[in-house]
Structure formats: C-alpha cells, structure tokens
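Asker: Please read through the structure below; I'll follow up with questions.
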Amino acid sequence: MTTTNPPSNPPAPPVDQIVQSQHTVMINGAEIRYTATAGVIIMKEEAEKDGVSAGEQARAGIFFVAYTRDDVTDLSRRPITFAFNGGPGSSSVWLHLGLFGPQRVLMTVEGWPLSPPGRIVPNQYSLLDVSDLVFIDPVSTGYSRAVAGESPKQFHDFRKDIESVGDFIRLYTSRYGRWLSPKYLAGESYGTTRAAGLAGYLQERHGLYLNGLMLISAVLHFQTLSFDHGNDLPYMLFLPSYTATAFYHRRLEPELQRDLNATLRAVESFALGDYALALLQGDQLDPATFDYIATQLARYTGLSRDYVTRSRLRIRDDRFVKELLRDQQRTVGRLDSRFTGSDRDAVGEVVEFDPSLAAITGPYTAALNHYAREQLGFCSDLPYEILTERVWPWSFNDHQNRYVDVAETLRRAMHRNPGLRVHVASGYYDLATPYFATRYTLNHLALDPALRAQIGESFYPAGHMMYIHEPSLAALKSVLADFVLAESRE
C-alpha cells in the first residue's frame with residue numbers, strides 16, 4: 001500500500017497591515033486633532049517574463065507612521081512631509097520621536113538622558129501644526145523587512161535604497177490623495193544623502209516634483225568627510241567643529257573662550273586660508289610655516305603642540321575625540337561632542353564607544369517600542385531595528401573608485417525644478433557631519449545665481465541630533481515651520 005502526501009498549499013501572499021487611531025496634541029497653545037496611521041505597506045514591482053508583463057511581485061514590507069490633521073478640508077493647501085533618518089541602517093525614530101512627531105522622548109533641557117527607561121511626552125514643538133507627516137523606515141530598519149523569498153541584501157544599496165523609498169512615497173501619495181499637496185522631504189545624516197538622491201529620482205522616474213528639502217546634519221559629498229590618504233579636505237573642514245568642541249570643554253586660551261561665534265569666524269578664515277595653503281604644499285612646506293601652522297592648530301583645537309606636530313598637521317576625527325580630554329581620562333562624543341565618556345584604556349588611540357550615541361539609544365528604543373503598541377496600536381513581535389548593522393556591507397556600486405556625491409544630483413534637480421527650496425540645519429558640536437563641511441559643499445554646487453537664495457542654513461549650539469537640546473529644538477521648529485509656510489505666502 002502506498003500513500004501520497006497531499007499537495008502543499010502555496011504560502012499566502014503578504015498583505016498590508018494598517019491601523020488607525022485618533023489623538024490630540026497642544027502646539028503653540030492650540031489643540032491639534034489628528035489621525036495616526038501606522039503599519040506596513042507591501043511594495044511590489046512589475047515582473048516580466050520573456051519581455052511580457054507577468055504581473056506584480058511583492059518585494060518588501062515598508063513600515064511607516066503617518067500623522068494627518070483632522071480639520072483639513074482642502075488637501076491641495078495642506079503640506080505633507082516625508083521624513084527618514086540615515087545610517088545607513090537607521091530607522092526614522094530620531095526625527096519621529098525627537099523633532100517632528102506629536103510625541104517626543106523627554107530629555108533634560110540640555111539634552112542629557114533621564115534614568116532608564118526614560119519617558120515619552122507630548123511634543124509642543126511638533127511640525128504637525130503646519131504639515132502632515134509620514135515617517136518611513138527603509139528595508140531592514142524599524143519593522144521594515146524584505147518579504148519571504150527576497151534577499152534583503154538587494155535593498156542595502158545606494159541606488160536601490162533611493163528607489164524603494166521613492167516608490168513608497170509615490171505609492172503613499174497616490175493612495176492617500178496627496179498629488180496636489182505641497183510635498184517636502186526631511187532627512188537626517190545619511191538621510192540627507194537619500195533626500196538629495198530622491199529629489200532627482202522622484203522627478204525623473206515618477207514626475208513628482210518637490211517643494212522643499214529639510215536637511216538635518218547634512219552630508220552630500222563624502223569627500224568632505226573621508227580621512228583618506230591624499231585627501232586633505234576633511235582636515236580643514238573639521239577644524240571649526242574641533243574648535244567649537246574645545247570651546248565647550250573650556251580647553252582654549254582665554255581670548256578664544258569669550259565668544260563662540262567670533263572664535264569660529266576666525267578659525268574658518270584660518271582653515272580656508274593659511275591652513276589650506278599649508279596642506280596643499282605637502283612635504284614642500286618650509287619649517288617656519290610648519291611651526292606657525294602647528295602653533296595655530298594647537299591654539300584652535302586645545303591639543304598640545306607636540307601632538308599636532310606628530311600628527312603632521314593632520315588631525316583625524318577619531319583621534320581628536322580620544323585626545324582632547326585625555327588628561328582627564330575622558331572621551332568626547334562624535335555625534336554630539338558635548339557628551340563625555342570613559343574607556344578602559346586611557347592611553348589608546350581611538351575610543352571604545354560614542355558616549356553621545358550611547359546616551360540616546362536606550363531612551364529612544366524604549367519609547368518607540370512602547371509607543372507603537374500602546375498608543376498607535378501596531379503590534380509586531382519583530383525587533384524594531386533602531387540602528388542596525390544588518391545592512392552592512394552597504395553597497396556603493398554606483399560610485400566605485402570615486403566618492404559618493406549627491407550634490408550634483410541636487411543641483412540638477414533644482415535647475416529642472418526652480419521651485420525646489422532647501423534648508424540645511426547644522427549643529428556646532430557635530431563631529432559626524434561638521435557644519436563647515438556642509439557649507440563647503442553648498443558653496444560648490446555651481447547653482448545658477450538666480451537659485452542661490454533657494455538654499456538657507458541655520459546653526460545650533462548642539463550636536464548631530466541638535467533637537468535633543470530643547471532650546472535648539474524650539475529654534476529649529478520655528479525655522480522649519482517658517483520654511484514650510486513660506487510656500488503658502490508666495
């Protein structure tokens with residue numbers, strides 16, 4: 001007697017998981033009623049077989065949280081902002097629960113964390129009063145995942161990342177009727193790289209023209225940040241942020257400790273003047289000029305002249321954060337150099353960890369996991385990937401043998417869409433994406449002079465996530481609200 005196994009049923013295709021809830025928040029003394037929509041949208045791509053359309057194939061589930069104001073009657077006059085962070089490998093939790101969203105993680109006024117597990121409170125500085133908000137987690141971050149049978153590795157790529165996030169924006173815009181709404185992108189860190197890339201991709205692939213980009217702690221050209229042999233550019237562009245850090249920790253001489261802005265203007269002039277000329281000369285630099293530059297670098301960084309000399313006038317960021325407070329056996333943060341930490345090895349060359357990242361990871365992780373279930377009503381047993389290494393190695397195949405550069409993509413997008421405006425926000429104590437490196441990039445866009453006024457900048461006495469510092473959060477909210485509202489005033 002023989003038996004046969006019944007044919008197995010194919011797995012059910014993945015489906016969207018969406019939940020909605022109603023809430024209120026007080027912003028600028030006014031009560032805002034809004035709807036929160038959270039969940040996973042299954043992203044599909046058109047499949048072809050032998051040159052013939054074979055229907056749609058599911059590729060990934062993108063997790064998002066959207067907030068839409070309830071009292072809006074005309075969506076064509078209501079802006080919408082799509083927001084994401086960077087990494088690569090970061091979820092959108094930082095912009096979501098730190099800056100834009102209607103709830104935020106509570107820190108001290110200066111930005112220091114509370115005792116674990118932290119707290120979440122209504123965000124009186126939310127941008128929801130002037131714009132609807134959609135927070136997007138790229139594949140492998142947050143609750144976003146490749147579907148069964150699809151390799152997540154394909155999404156861990158410069159171009160595929162832009163395409164998948166851009167296709168999500170196009171789909172959301174269509175499903176929720178926002179094609180005629182003023183549209184903005186907000187990105188932080190590598191999210192600014194993505195945002196500039198999206199400005200080009202959305203225009204060219206989907207005909208979706210944006211009204212503005214909000215770039216928080218921007219990096220548009222990676223040459224400005226890469227301490228590679230033969231690339232002297234970062235040494236001069238990081239210098240003002242080293243000075244700001246030394247100023248904060250009171251490591252400068254009294255004359256330079258009086259006024260941060262005045263000190264920064266002086267060091268900026270030195271960086272692009274005498275220092276740049278000295279670096280360009282390499283080994284041909286004469287001894288007298290070498291000594292002069294070493295003395296000035298020690299003066300502007302708070303490091304010893306001997307250390308600067310032994311560094312051959314070239315101070316890397318990973319060494320600076322270890323060296324500045326070595327005599328106190330303290331390290332300073334990379335994301336926010338106001339923070340300090342301590343290592344087991346006080347004589348090592350590089351730090352064990354970034355104390356500024358360690359300070360915010362716990363509170364934001366606890367807040368998001370609680371908030372998603374208890375207030376948004378979205379439940380998943382998957383880990384919410386706050387900042388994951390699962391995306392590495394990240395592929396930059398499009399930029400082999402050259403630095404990643406989306407500054408040119410941004411320039412092309414602005415020339416094709418003269419209505420595209422940009423605002424860039426930078427923290428003085430950011431050693432990940434220094435403000436002077438960003439300004440250098442913006443000054444080399446080669447924009448049509450008629451478009452230069454389309455780009456604005458603002459600066460804050462905080463770090464990469466300047467919004468954890470409440471005075472900077474309040475100031476940044478005001479600046480970005482004016483940026484969005486400027487569209488309706490024109």
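The values are calculated or read from the model by the stated rules, or taken from the named source; none is laboratory data. Nothing here was measured: the structure is a model prediction, and the numbers come from that model. Glycine also receives a Cβ, built like all others from the backbone with ideal geometry; neighbour counts cover every protein chain displayed. Just so you know, the surface numbers come from the protein's heavy atoms only, side chains and all, with ligands and any DNA or RNA stripped out. Shrake-Rupley method; radii C 1.70, N 1.55, O 1.52, S 1.80 Å.
Asker: Which of THR331, ALA246, ALA294 sits farthest toward the positive end of the charge dipole of the chain, with +1 on the Cβ of Lys and Arg and -1 on the Cβ of Asp and Glu?
Answerer: Looking along the dipole axis, the top candidate is ALA246.
Asker: Could you calculate the FRET efficiency of VAL15 with ARG175 from 1/(1 + (r/R0)^6), where r is the beta carbon distance between them and R0 is 25 Å, rounded to 0.05?
Answerer: E(calc), rounded to 0.05, equals 0.95.
Asker: Angle, helix 233-248 long axis vs. longest principal axis of the chain, Cα atoms, 0 to 90°, nearest 10?
Answerer: Its long axis makes an angle of about 80 degrees.
Asker: Give, rounded to the nearest 20 debye, the magnitude of the charge dipole that the chain has about its Cα centre when Lys and Arg contribute +1 at Cβ and Asp and Glu contribute -1 at Cβ.
Answerer: Computed about the Cα centre, the dipole is about 400 debye.
Asker: Sticking with this structure for a sec: For the modelled label position 7 Å from the Cα of GLN284 along Cα-to-Cβ, which residues of segment 305-322 have backbone nitrogen atoms closer than 19 Å?
Answerer: 313
Asker: How would LEU180, LEU376 rank on accessible area, largest to smallest, probe 1.4 Å?
Answerer: LEU180, LEU376
Asker: Return the long-range amide H neighbours of GLY111 (sequence gap of 5 or more, or a different chain), with a cut-off of under 5 Å between placed amide H atoms.
Answerer: So GLY111 has HN proximity to GLU470.
Asker: How would you rank 196-204, 235-243, highest first, on the average number of other Cβ atoms within 10 Å across their residues?
Answerer: So the peptides 196-204, 235-243, ranked by packing, come out 235-243, 196-204.
Asker: Tell me, how many Å apart are the Cα centres for segment 202-237 and for segment 251-313?
Answerer: Spelled out, the Cα-based centre of one part sits 26 Å from the other.
Asker: What percent do you get for the relative contact order of segment 130-215 when only Cα pairs under 8 Å and 6+ apart count?
Answerer: Relative contact order, segment 130-215: 24 percent.
Asker: On a 0 to 90° scale, report how tilted helix 190-206 is relative to the longest principal axis of the chain, with both axes built from alpha carbons and the result rounded to the nearest 10.
Answerer: For helix 190-206, the angle is close to 50 degrees.
Asker: Could you give the alpha-carbon Rg of segment 90-129 over 2.2 N^0.38 Å, rounded to two decimals?
Answerer: 1.15
Asker: Next question. For ARG250 and GLN22, compute 0.36 nm times the residue count separating them, minus their Cα-Cα distance, and round to one decimal in nm.
Answerer: 77.3 nm is the gain from fully extending ARG250 to GLN22.
Asker: If you don't mind, there's one more thing I want to ask. Which residues' amide hydrogens lie under 5 Å from the amide hydrogen of ARG421, considering only partners 5 or more residues apart or on another chain, with H built in the peptide plane?
Answerer: Those qualifying (amide H under 5 Å, at least 5 residues apart or on another chain) are GLY212, LEU213.
Asker: Ok, one more. How high is the relative contact order of the chain, in percent, with contacts defined as C-alpha pairs under 8 Å that are six or more residues apart?
Answerer: Relative contact order of the chain: 19 percent.
Asker: In Å², what does the accessible area per residue of the chain work out to with a 1.4 Å probe?
Answerer: 44 Å²
Asker: Next up: Using Cα atoms only, what is the angle between the long axis of helix 355-374 and the major principal axis of the chain, expressed in degrees (0 to 90) to the nearest 10?
Answerer: Tilt relative to the chain: about 20 degrees.
Asker: Choose one of HIS444, PHE270, MET107: the residue whose Cα lies farthest towards the positive end of the charge dipole of the chain (beta-carbon charges +1 Lys, Arg; -1 Asp, Glu; about the Cα centre).
Answerer: Highest projection toward the positive end goes to MET107.
Asker: If DNA, RNA and ligands are ignored and the probe is 1.4 Å, what is the ranking of SER395, SER140, SER115 by accessible area, most exposed first?
Answerer: Order by accessible area, largest first: SER115, SER395, SER140.
Asker: Please work out the FRET efficiency for the pair GLU204 and ASP345, using the Cβ-Cβ distance as r and a Förster radius of 56 Å; give the result to the nearest 0.05.
Answerer: 0.65
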